[in-house]
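> Take a look at the following structure, please.
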Amino acid sequence: AETHRPGDGRIFVVGGAEIYRQLLPLCDELWLTVVWSNVLGDTRVRLPLDEFSTFEVERHPQGVGDSVPSEFQRWRRKNSVPKN
């Protein structure tokens, strides 16, 4: 996830679920890696994707070094002004 503040450069948030929960309201943009696999885990992050629109998707098929396909996605908060 990414947030912008006037006069500052980009700030990237790499967290756990609690870090995302606290900082997501400040983020204008989400950078997501989606790995198309079902895995067991004890933590889930609920992202309010209805507040964002996808504007870039880069697909990576299953290959020699990857057992499953994946995608790199960029999402921008609706009604936010794009930043460079």
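The values are calculated or read from the model by the stated rules, or taken from the named source; none is laboratory data. Keep in mind it's a predicted model, so treat the numbers as computed, not measured. For neighbour counting, all protein chains shown are included, and Cβ atoms are generated from backbone atoms with ideal geometry for every residue, glycine included. When the accessible area is computed, the model is the full protein with side chains, heavy atoms only, and any ligands, DNA or RNA have been set aside. Shrake-Rupley method; radii C 1.70, N 1.55, O 1.52, S 1.80 Å.
> Taking all protein chains together and a probe of 1.4 Å, list 72, 55 from the most accessible to the least accessible. Working shown, then result.
Details: 72 55, 55 80 Å².
Output order, biggest surface exposure first: 55, 72.
> Same structure again: Whats the longest run of the chain with zero trypsin sites (Lys or Arg not before Pro) that are DSSP loop and have at most 12 other Cβ atoms within 10 Å? Display every interim value, and only then the final one.
On the way: sites that count: 10, 44, 46, 78, 83.
The segment 11-43 is the longest one with no such site.
> Here is a further query. Before rounding to the nearest 500, sum -39500 (n - 2.57) across all DSSP H runs of length at least 4 in the chain and divide by the residue total; then give [θ] at 222 nm in deg cm²/dmol.
My calculation for the chain gives -2000 deg cm²/dmol from helical runs alone.
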